[in-house]
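For reference, the structure discussed in these notes is given below.
Coordinate-derived values only; no laboratory data. All figures in this text were calculated on a predicted structure; none of them were measured in a lab. With ideal geometry, Cβ positions are generated from the backbone for all residues, glycine too; neighbour counts draw on all protein chains shown.
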Amino acid sequence: MKIDTQGMSGPIDPNYKGKPLDQQQRELPSAIIQPRRLFTDSYVKELKILINEVLDAREGKTGVSYFDTEKFKHSIHDQEPPYQEWT
């Protein structure tokens, strides 16, 4: 009997053949890949608002800009006023 401290030796049973490598690979579960994005969700939301405001301004629409922070001042105890899309 041989003690293998590396775990590299084969099984003790000489008749054991094991599974072929391609079968072992097919039985592995598929990896799940979650794509990474450069921008956070908040940043994406603000970019969409900015792009829409620029396009609305081209069409002659007006409104309070999301980026005009003076219009969105509020008390610490109140919620930020909601953004209204331009009309």
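Where only DSSP H runs of four or more residues are counted, the chain gives -9000 deg cm²/dmol as its mean residue ellipticity at 222 nm, each run worth -39500 (n - 2.57). Taking a sphere under 13 Å around the Cβ of ASN52 and counting the other residues whose Cβ falls inside, with K and R at +1 and D and E at -1, yields a net charge of -1. Against the chain, whose longest principal axis comes from its Cα atoms, helix 41-58 is set at around 40 degrees.
Which is the longest stretch in the chain that no exposed loop site breaks, taking sites as chymotrypsin sites (Phe, Trp or Tyr not before Pro) with a DSSP loop state and at most 10 other Cβ atoms within 10 Å?
Values: sites that count: TYR16, PHE39.
Excluding the exposed sites themselves, the longest stretch runs over 40-87.
For LYS73, a cut-off of 20 angstrom between C-alpha atoms picks up these lysines, skipping any fewer than 8 places away in its own chain: LYS45.
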